[in-house]
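So the structure is just underneath, and the comments pick up after that.
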Amino acid sequence: MTDSATANPVHDFIAKAVADHPVVLFMKGVPEEPRCGFSSVVVQILDHLGADFVGVDVLQSEPLREGIKTFTDWPTIPQLYVKGEFVGGADIIREMFQSGELKTLLTEQGVLTA
């Protein structure tokens, strides 16, 4: 892989955002105004749980939109990160929410208070 030999500013930006914030959602649009249904679903779930999170609009730049997919080798947006770890996209987040697993994860990571 050549990525390690040459710096990738987009991956550096993503890594910094994930490191700087406990919960980061890379999404289309912003939390107040999602621009796709899948992003909207994840925002609603996080809001419902009362999780503080930072939304990063991948529509602001084509390199970011493509870079987030290669950063985790995950083909879809939105992507949720908790404490630096990739959690999943909309379907995974919805399933985790419905099973109670997402609330447990966020509580264990200190993002939600029990």
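Structure above, values below:
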item: Candidate set from region 77-96 (those that are open to solvent by 70 Å² or more (accessible area, probe 1.4 Å) and under 16 Å from Val43 (Cα atoms)); member that is farthest from the chain's Cα centre (by Cα); result: Glu95
item: Among the candidates Gly55, Gly110, residue that is surrounded by 12 or more Cβ atoms within 10 Å (Cβ to Cβ) and not in a helix (DSSP H, G or I); result: Gly55
item: Pair list, Cβ < 7 Å and 6+ apart or interchain, from region 9-25 residues that are under 15 Å from Val58 (Cα atoms) and modelled with pLDDT of 95 or more to residues that are assigned to a helix (DSSP H, G or I) and among the aromatic types (Phe, Trp, Tyr); result: His11/Phe71; Ile14/Phe71
item: Those residues of region 7-45 which are of a type in the set (Ser, Thr, Tyr) and open to solvent by less than 10 Å² (accessible area, probe 1.4 Å), in sequence order; result: Ser39
item: Flag for Ala51 being within 22 Å of Lys103 (Cα to Cα) and either of a type outside the set (Lys, Arg) or within 11 Å of the chain's Cα centre (by Cα) (or both); result: yes
item: Test for Leu102: is it touching a Lys or Arg at 6+ places or on another chain (Cβ under 6 Å), in contact (Cβ under 8 Å) with a residue 12 or more places away in the chain, part of a helix (DSSP H, G or I) and closer than 18 Å to Phe38 by Cβ; result: no
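Here's the yes/no breakdown for (1) under 24 Å from Gln98 (Cα atoms); (2) in contact with a Ser or Thr (Cβ under 9 Å, 6 or more places away or on another chain); (3) of a type in the set (S, T, N, Q):
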position	(1), (2), (3)
Lys16	no, no, no
Val23	yes, no, no
Arg35	yes, no, no
Val43	yes, no, no
Gln60	no, no, yes
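The values are calculated or read from the model by the stated rules, or taken from the named source; none is laboratory data. Owing to the predicted nature of the structure, the values given are computational and were not obtained by experimental measurement. Positions of Cβ are backbone-derived with ideal geometry, glycine not excepted, and every protein chain shown enters the neighbour counts. Note: areas computed on protein heavy atoms with side chains; ligands, DNA, RNA excluded. Shrake-Rupley method; radii C 1.70, N 1.55, O 1.52, S 1.80 Å.
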